[in-house]
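S.K.: Right, I'll just put the structure down here and ask away after.
Any read-out appearing in this document is the output of simple, stated calculations on the displayed coordinates, not a laboratory observation. Computed from a predicted model, the values in this text were never measured in an experiment. Quick reminder, even Gly has a Cβ in these numbers, built from the backbone with ideal geometry, and neighbours come from all protein chains shown.
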Amino acid sequence: MTTSRNPFIEDDDLAGIPTTTTAPATPKAAEAKQVAKPAIKTNRIMSATTEEDDDSDAVDLVADHDHLKAKAVLPCVFPKESNKTVRYALVKDFKAYQRYTHFLEGVNGKGLTVICPGKDCPECAKGGYHSSRRKIAALAIKYETGNDGKFAQGTTKPSLSLSFVNLSPTAYSVMSECPSESEDVYSIDFKCILKSNKIGWDIFRMSSPPAYVKAGMEAEVAELAAPYADGKVLKSRLGKVVSAIEMKVMLYGSAADTTPTLDDLESVL
Ligand SMILES: [Zn+2]
């Protein structure tokens, strides 16, 4: 079914040709849950120094520390201001990372999204679902474009920088619906715009193949991404992992019958 879509002509604006877009799905319930999400970092550029990254323990040498510090400026691709369009693509051949989350109703007033600690998780023990509540972080290429997501006329090599996407379950499902039949999430450029209510982003299909691929910049992109191949920075962007004990305290005000053991402490990771 390629009657309405020729990826090399209709969908590529490197030659200044308008692109097609797909309306994103916006499930109401999922959106409502996003409202309560900011308790865990989801939509901020990661320049804040007060955030605890769970890869902070991984820094064991001065040299390593500098190395990680140099990488830690990796910004989130999603715009924070209304009416700002960002065009991006996922970096192929690099792993994405995921964490399962739970939404703890009533905790901290509005409820709180936490990363599932795995072993001894009180929410999993209750039969709480989390497979549909995962968070995903992946490397992305952010392009310099006009606010319509298009390149200046005559552009043959787009300006780009390395970035990442931090996806809520809703954002991930919206993104997954963008590629058409013969495509996947790595074979298209996306365009995202902050919703007018500032909760979540609208994400659209912009073009295929991604502009960086069409412009022959794959080697350049691979070089930019290489320092992040170990996943440490991406994983840290998924948020702090709470322990099963910490979660019980949040839920019940105490860890109840749980005695901390070395296993408990280790299951945090
Ligand atoms: Zn769990």
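S.K.: At 0.36 nm per residue, and after removing the present C-alpha to C-alpha distance, how many nm does the segment from Lys126 to Ser182 gain when stretched out fully?
M.R.: Details: separation 56, 0.36 × 56 = 20.16 nm, distance 4.01 nm.
Going from the current span to full extension adds 16.2 nm.
S.K.: Another question, if that's okay. For Asn147 and Glu246 in one chain, what is 0.36 nm times their gap in residues minus the Cα-Cα distance, to one decimal in nm? Mind showing how you got there, number by number?
M.R.: On the way: separation 99, 0.36 × 99 = 35.64 nm, distance 4.36 nm.
Going from the current span to full extension adds 31.3 nm.
S.K.: Between Lys80 and Lys195, what is the label-point separation in nm under the 7 Å Cα-to-beta-carbon projection?
M.R.: Those two pseudo-labels are separated by 2.0 nm.
S.K.: On full extension of the chain, what length is gained from Ala226 through Asn108, given 0.36 nm per residue of separation minus the C-alpha to C-alpha distance?
M.R.: 38.6 nm
S.K.: Another question about this same structure. Mind listing the Cα extents of segment 109-158 along all three principal axes, in Å, largest one first?
M.R.: Computed over segment 109-158, the largest-to-smallest principal extents equal 58, 25, 14 Å.
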